[in-house]
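Notes to accompany the following structure.
Where a number appears in this text, it was derived from the coordinates with a stated rule and is not lab data. Note that the structure is a prediction, hence the values are computed from the model and not measured. All Cβ positions, even for glycine, are placed from backbone atoms using ideal geometry, and neighbour counts span all protein chains on display.
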Amino acid sequence: MTHSSLSPAPTICLLRLSALGDVTHVVPLVRTLREARPQAAITWVIGKGERRLLEGLDGVRFVEYDKKSGLAGMRALGRELRALGLADGRFEALLQMQVAARANLLSAFIPARRRIGYDRARSKDLHGLFVNERIPDRPGIHVLDAIGSFCEPLGLRQTQVVWDLPVPAEAREWARAQWPQDDVPTLLISPCSSHTVRNWRAERYAAVADHAAQRGWRVVMCGGRSQLERDTTDAIMAAMSHPALDLVGKDTLKQLPALLERGQLLMTPDSGPMHIANAMGTKVLGLHAASNPARSGPYSDLRYCTDRYDDAARKYLGKPASEIAWGTKIEHDGVMDLIGVDDGIAAFERYRADHPGT
């Protein structure tokens, strides 16, 4: 077996704890590994919520790590992995796909012969000390493609992107029950990112939602159970002159993909639901100013995104986006105000122009 090849039935460990959008980006890599090595034993060290989203993914054993458990939890995870009965007590390869300090330290407790990490340009928090191989340095690509390149040191290539998220039939049944199955197109709005500076103003969401309603669309609010999402949704609905269906906090992580699948278009900032919707085949009206849509927007289709990232770079960093490091986040207070209501309406109308009858 050459250094770059895999055995016929390799044991592979994936380390990517969070967040929802990022673990969604890992699923095509799992599909690539499974296609190339159907007998592979894949273990994924993952966060609690992320596991709930992906539970049932074919051919993957999940091992959950609680970030609150600290060093004791890392030691316990190491013991759990060593108890799996691996050949010589180690995985054939660890794919260390998270460069944060906690993940880097956690990786030291994972027994593996080959420890594959990011190239030097994308390394941080002493990442290089915990890996012995690196993926190719390939700037200017989407996050999903960067994650997909983790199979390249193993002698493989991710030549197609397949998600096929594990969505139970009962989750789809729940989603179908939330509004009638009719010919009325549906605009979903998931208004909050975990990075609050990426969030748009409530009255601007409301203006685009009202525009959609005036065009005969159904408007459905969705999101998690945080107080921020509740308050933001209440503010949007209070500012609207048309009714909207409020499903915020009413779905589970297993039901979320099924819910997003039912809409024609999702309006959201750079967030987990953006990438889950994209994986489910739903088009995304992405709101981008703090982050670059070419790097972290909806992977399959950017046509309906607003893009004020270059304006943000010029305003806050004093140079165009082409002159700043790939992946730079411009998370300054007020950055999302660069996206106007007209931008959102124009993106919505681009979708309608491409989809006659909506």
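Just a few scattered comments:
- Cα gyration tensor, the stretch 25-75 - rounded (a/c under 1.5), prolate or oblate: prolate
- Report note on the peptides 183-191, 253-261, 82-90: ranked by the mean count of other C-beta atoms within 10 Å, highest first, their order is 253-261, 183-191, 82-90.
- Positive-end ranking of CYS222, VAL131, LEU260 along the dipole of the chain, with charges on Cβ about the Cα centre, is headed by VAL131.
- The stretch 21-65-the stretch 317-333 distance, computed between alpha-carbon centres (Å): 32 Å
- Loop-located chymotrypsin sites (Phe, Trp or Tyr not before Pro) in the stretch 315-350 whose Cβ has at most 16 other Cβ within 10 Å (DSSP): TRP326
- Each residue of the stretch 323-331 was assigned a 3J(HN,Hα) from its phi angle through the Karplus expression (A = 6.51, B = -1.76, C = 1.60, θ = phi - 60°), giving 10, 10, 4, 4, x, 4, 9, 10, 8 Hz with x at Gly and Pro.
- Rounded, prolate or oblate (a/c below 1.5 giving rounded, otherwise prolate when a/b exceeds b/c) for the stretch 73-173 by Cα gyration tensor: oblate
- Placing a label point 7 Å from the Cα of ALA121 along the Cα-to-Cβ direction, the residues of the stretch 283-309 with a backbone N closer than 20 Å are 291-297.
- Options ILE42, SER271, PRO168, ranked by Cα towards positive dipole end of the chain, top entry (Cβ charges): ILE42
- The mean sequence separation of alpha-carbon pairs under 8 Å and at least six residues apart, normalised by the residue count of the stretch 1-78, gives a relative contact order of 30 percent.
- Its relative contact order, with pairs defined as Cα atoms under 8 Å and 6+ residues apart, puts the chain at 15 percent.
- Mean sequence separation of contacting Cα pairs (under 8 Å, at least six apart), scaled by the length of the stretch 213-358, corresponds to a relative contact order of 16 percent.
- Global geometry of the chain, whether rounded, prolate or oblate, following the gyration tensor of its Cα atoms and the 1.5 cut on a/c: prolate
- The stretch 115-145 and the stretch 189-266 have Cα centres separated by 35 Å.
- Chain lengthening between ALA83 and GLN39 when straightened (0.36 nm per residue, less Cα-Cα): 13.8 nm
- Candidate aspartates and glutamates for bridging to LYS283, where Cα separation is under 12 Å - those fewer than 8 sequence places away on the same chain excluded: GLU261, ASP301, ASP354
- For MET97, the residues whose amide H sits under 5 Å from its own are LEU15, ignoring neighbours fewer than 5 places away on the same chain, with H placed 1.01 Å from N.
- Partners of LYS68 within straight-line reach, counting lysines whose Cα lies under 27 Å from its Cα and excluding those fewer than 8 residues away in the same chain: LYS48, LYS124, LYS250, LYS254, LYS329.
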